[in-house]
Each structure stands twice: as structure tokens, then as C-alpha cells.
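Quick notes on the structure that follows.
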Amino acid sequence: MRTIIIGAVLLALSLNLAAQEYTPAQNPVGPESWWWDEQWWEEGQIPNPDNHPVRVEWSEYPSGDVTVPALVARPDDDRPYPAVLYQHGRRGLDELVQRQVKRIAARGFVVLAPDVYSAHFIEKLPIEHDYVVEQDVSLGLDQLLARPDVSTRRACLVSHTRGGYMTLKAATTHKRQSDAAACYVAWYPHLQDPNAPEPMQVYRYAPEIDQLLLPTMIFIGEQEQYQRRRSIETAVTSMQAAGRQVQLVVYPGVGRGFDFRPPHVRTLADDLASQDAVQRAARFMRRTLKTYAK
């Protein structure tokens, strides 16, 4: 009998915990949800995404004693476009990440993607975080905004995984949100110092989040790793409580890295989330950067 009672109590506690962790505002149903499109529902209209052929080139810029290589992707024409700095995460700037850079450029942006690991001979998928790379990200903004083919005085900081921490530090610690950055966009970001102890990784977010003043949009999958999702959701809740402009988009049925899952494991849900997120981010960035048009 005691075992049954204890089991029932544990079940009730687990159900209550699940109910507390599930936030209907993230994946609601009906017209009040973040994904609802009245024009589609009422008139059958599907919005046409901006699609541009993309050209890519490699550039470089100095940062202290090193030279940082950077991939630049932009529409293949002679028009100027809004500026975006894209920062890779632990994967480095490999072929999967380069595809994401081109996807953003294809929406109508000049995208500069610093390869900060190559600059410092850091191996792919490092465990420790080298704080020096944050300066590389900050100086990348200057390199990007000095280009004659950008149409804005500021750039949006865009990133994934650990790149979310690097761009956060560039915006706050390096104070680029006051002179160069216009918004912060991140896919499943690591919002904690990677060198912090385990309890901080699970139960806290980076204190720099409380200093972030930029309009913010974050994308995660519903099946995101618990220790990452918890810090992201807690950070977003804190920003909302402080009155900051921030939106968390949670895609049902997908997990971490849905933009980079290779073809042999890729699902339709991954593709739907990837396509929606890049278009949603493009609209958000275009609207924000319009204020900083040259």
C-alpha cells in the first residue's frame, strides 16, 4: 500500500511539473498564437518569401594579433542590402553552417560570418570557451558595416548554439548594442558561459542577458535539450518581466539543430521549422533594420 501511495504521489508531482513547464503561450492554438496567419486562413493567401540568387566570397580582417577569415554572402546583384553578422557555434564555420549563411543572404541581406575558430587554430567542437573570440565578433561588426554594399548603419547579430553566447558578449560586454548592433536573433543559443560550472549551466542564464537591450528573437525545438531549454526560457521570461522586446518561438516535434540535421536523419518537421524560422527572422530583421537605413 505504501509503495502504491508513494508511486501515486510521484506521478502527481511529475504531472504537475510537466504542467508547470509547458507554457501554452509558446505553442498555443487558435488565432492568438504566434504562428497564426489570418490571410492564409480567410483568403487562402500564402506569403511569397524573398528569394535571391546568392554569391559568396571570402574576406579577412585584423583582430589583435590574428587575422580572422570571414565568409561573405549576399544577393548576386549590385544593390545594397541590410547588414547581418552571423556567428557560428561549436561546429565552426563548416559546410552545414555555411548553408545557413546563404539561406539568410537569399532573403535579401549582406551577411558576414567570421570564422573565429580558424583564426585562433581552435579545433572543431571545443569544450572550453576562449573569451578572446568575443573580440573577433565585435570587430566583425566594424568590418561588415564598413562595406559599401550594405544599406544600414547597424547590423543584426545572428547566431546559433555557442555563437549565441559570443554575440551576447559582443552586444553587452563589448558594448556594441550602443553603436553597431540593431537586434539579436539566435537559433537554440547557449545562453550561459560555457566555462561556468554544471549547476550554472542547468539552473541559470548568463547575467549579460539582463543587460541586453536589443530587440530579440529566439528559435528552439520543443524537444530541445533540457539544460539548454531551461536557461533559454528562464532568460526570455526575465527579459519579458523587464519589459524588453523579445519573442521565443518553439517548434513542435523537432529537437536541437533542426537547421543542420543532415539528409540521412532529416525529417519534414526539421525542414518546416527551418524554412519558417529563416523567413520569420528575415521579416523581424528587415523591420528592425529599417530604422537604421542609410
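Quick look at the values:
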{"read-out": "Search result, residues across region 163-178 that are part of a loop (DSSP other than H, G, I, E, B) and either touching a strand residue (DSSP E or B) at 6+ places or on another chain (Cβ under 9 Å) or among the β-branched types (Val, Ile, Thr) (or both)", "value": "Thr172, Thr173"}
{"read-out": "Complete set of residues in region 243-279 that are surrounded by fewer than 18 Cβ atoms within 10 Å (Cβ to Cβ) and among the β-branched types (Val, Ile, Thr)", "value": "Val265, Thr267"}
{"read-out": "Hits in region 199-230 - residues which are in a strand (DSSP E or B) and β-branched (Val, Ile, Thr)", "value": "Thr216, Ile218, Ile220"}
{"read-out": "Residue ID - surrounded by the most Cβ atoms within 10 Å (Cβ to Cβ), chosen from residues in region 179-219 that are of a type in the set (A, V, I, L, M) and without any contact (Cβ under 8 Å) to a residue 24 or more places away in the chain", "value": "Met200"}
{"read-out": "Wholly enclosed strands (runs of 3 or more DSSP E) of region 36-153 bearing at least 3 residues within 26 Å of Tyr251 (Cβ to Cβ)", "value": "81-87"}
{"read-out": "Inter-residue pairs, beta-carbon under 7 Å, first more than 14 Å from Met217 (Cα to Cα) and in region 269-294, second crowded, with 20+ Cβ neighbours inside 10 Å and among the aromatic types (Phe, Trp, Tyr), 6+ apart", "value": "Asp270/Phe258; Ala273/Tyr251; Ala273/Phe258; Ser274/Phe258"}
{"read-out": "Of residues in region 226-256 being in contact (Cβ under 8 Å) with a residue 60 or more places away in the chain and not hydrophobic (A, V, I, L, M, F, W, C), the one nearest to Gln192 (Cα to Cα)", "value": "Glu233"}
{"read-out": "Any hit, region 283-293, residues being in contact with a Lys or Arg (Cβ under 8 Å, 6 or more places away or on another chain), modelled with pLDDT of 95 or more and part of a loop (DSSP other than H, G, I, E, B)", "value": "no"}
{"read-out": "Test: residue in region 118-127 that is polar (S, T, N, Q), more than 16 Å from Ala171 (Cβ to Cβ) and surrounded by fewer than 19 Cβ atoms within 10 Å (Cβ to Cβ)", "value": "yes"}
{"read-out": "Answer from Arg176, Arg153 - the residue that is in contact with a Leu (Cβ under 8 Å, 6 or more places away or on another chain) and surrounded by fewer than 22 Cβ atoms within 10 Å (Cβ to Cβ)", "value": "Arg153"}
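The values are calculated or read from the model by the stated rules, or taken from the named source; none is laboratory data. What you see is a predicted model, and the numbers here were worked out from it, not measured in a lab. With ideal geometry, Cβ positions are generated from the backbone for all residues, glycine too; neighbour counts draw on all protein chains shown.
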